[in-house]
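The values are calculated or read from the model by the stated rules, or taken from the named source; none is laboratory data. If you're wondering where the values come from, they're calculated on a predicted model, not measured in any experiment. In this analysis, Cβ positions are derived from the backbone assuming ideal geometry, glycine residues included, and neighbour counts consider all displayed protein chains.
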């Protein structure tokens with residue numbers, strides 16, 4: 001089935017709507033969830049009713065004293081059995097499967113959040129590459145004009161070779177920078193297309209998103225509490241720990257008795273006194289000796305419980321630090337935003353003055369002012385996108401990113 005081409009211009013909302021579309025990372029998470037669902041169904045079917053039919057075509061040489069001297073000793077047997085109770089084996093295994101299924105569901109949430117973060121970051125990288133290239137193109141134009149004028153004056157003997165070569169060197173440096181930023185435009189578009197699972201559909205034009213004003217950032221302790229209770233990674237590890245604990249109980253229950261009901265109907269070619277056409281039984285099985293199998297399996301499961309406890313504790317420590325890091329980064333970025341805003345206002349006024357002086361033939365730094373304006377636009381956009389990414393990471397750490405992006409759709 002052919003995919004619909006990416007729209008032009010591509011919007012952030014549309015790109016985020018594709019984050020849940022088919023992608024290898026999402027497919028892996030879906031496959032893990034399907035395996036867990038199948039394992040849960042398998043655990044639930046351990047005590048299902050079982051019906052077996054067996055038939056034997058047998059030829060014998062009867063004893064001389066046997067009443068029936070026929071050689072045909074064939075038989076058919078229908079056996080119905082149902083496990084009634086196993087003193088915790090199936091129950092604990094089913095609880096372990098339920099917990100494992102829950103962990104795979106949280107893993108899917110984690111992958112979906114990470115896909116959104118990846119798409120958002122790739123989208124912003126394309127916009128920044130375009131702004132960077134626009135800045136470098138502006139600088140290249142200015143440096144070329146200065147070099148070209150110097151070259152003309154050098155031919156007239158009004159500018160020395162040293163001055164001309166200095167300006168040519170600056171021009172060549174600007175060419176190199178523009179070539180690098182041009183390459184970044186292509187690279188970032190490829191990275192975005194791959195993130196959207198459209199490697200052959202590179203977006204030509206992207207729309208610059210607008211963002212609503214952000215509320216005051218919550219206290220870091222409050223964010224840590226939200227993360228510890230709602231983080232998908234924490235929830236996944238908690239479910240994995242519960243699954244390991246229940247599996248340990250199931251392993252320890254392998255030495256428990258089993259009560260089973262059996263019903264058997266049979267038909268025989270040779271009718272003998274010890275053969276019954278119908279048998280019903282309540283079977284009580286007690287394992288008397290199983291070697292070291294149960295003990296070894298329990299030890300393995302016990303070690304797995306310890307492993308999951310350690311993983312959960314390590315993840316909690318890392319999560320606390322991550323929340324603090326993004327919280328501090330946001331505070332720093334907001335201070336930087338104020339600085340960039342003031343610098344931008346200054347650059348605007350300075351550009352107006354430079355343009356006026358240029359028109360009066362009193363100044364020659366108009367080109368520098370225009371380059372600085374392009375640079376401040378790049379810095380403002382970079383700061384804004386860094387703030388949005390940091391906020392998105394915080395929402396993801398607290399488990400709220402999917403709810404925030406729930407309304408994102410096609411333009």
Meets criteria (touching a helix residue (DSSP H, G or I) at 6+ places or on another chain (Cβ under 9 Å), surrounded by 20 or more Cβ atoms within 10 Å (Cβ to Cβ), at pLDDT 90 or above and not in a helix (DSSP H, G or I)) for residue 209: no
Pairs with Cβ under 6 Å, 6+ apart, first in the range 159-183 and without any contact (Cβ under 8 Å) to a residue 12 or more places away in the chain, second surrounded by 13 or more Cβ atoms within 10 Å (Cβ to Cβ): 159/150; 159/153
Where a residue in the range 197-218 is in contact (Cβ under 8 Å) with a residue 60 or more places away in the chain and on the phi > 0 side of the Ramachandran plot and its partner, wherever it lies, is surrounded by 11 or more Cβ atoms within 10 Å (Cβ to Cβ) and part of a loop (DSSP other than H, G, I, E, B), with Cβ under 6 Å and at least six apart: 197/23
Residues (within 30 Å of residue 80 (Cβ to Cβ) and either part of a helix (DSSP H, G or I) or under 41 Å from the mean Cα position of the chain (by Cα) (or both)) located in the range 280-306: 293, 294
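Suppose we filter the range 249-279 for residues that are within 24 Å of residue 90 (Cα to Cα), touching a residue at least 40 places away in the same chain (Cβ under 8 Å) and not in a loop (DSSP other than H, G, I, E, B); how many remain?
12
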Complete set of residues in the range 82-126 that are surrounded by fewer than 22 Cβ atoms within 10 Å (Cβ to Cβ), assigned to a helix (DSSP H, G or I) and in contact with a strand residue (DSSP E or B) (Cβ under 8 Å, 6 or more places away or on another chain): 90
Flag for residue 196 being more than 28 Å from residue 395 (Cβ to Cβ) and touching a helix residue (DSSP H, G or I) at 6+ places or on another chain (Cβ under 8 Å): no
In the range 212-248, residue modelled with the highest pLDDT [restricted to those that are closer than 26 Å to residue 383 by Cα and not in a helix (DSSP H, G or I)]: 219
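Across the range 3-43, what is the number of residues that are more than 27 Å from residue 91 (Cα to Cα) and either under 13 Å from the mean Cα position of the chain (by Cα) or in a loop (DSSP other than H, G, I, E, B) (or both)? Lay out the reasoning, then the answer.
We begin by selecting, within the range 3-43, every residue more than 27 Å from residue 91 (Cα to Cα); these are 3-28.
This time we only want the ones that are either under 13 Å from the mean Cα position of the chain (by Cα) or in a loop (DSSP other than H, G, I, E, B) (or both), so: 3-9, 11, 18-28.
So the answer is 19.
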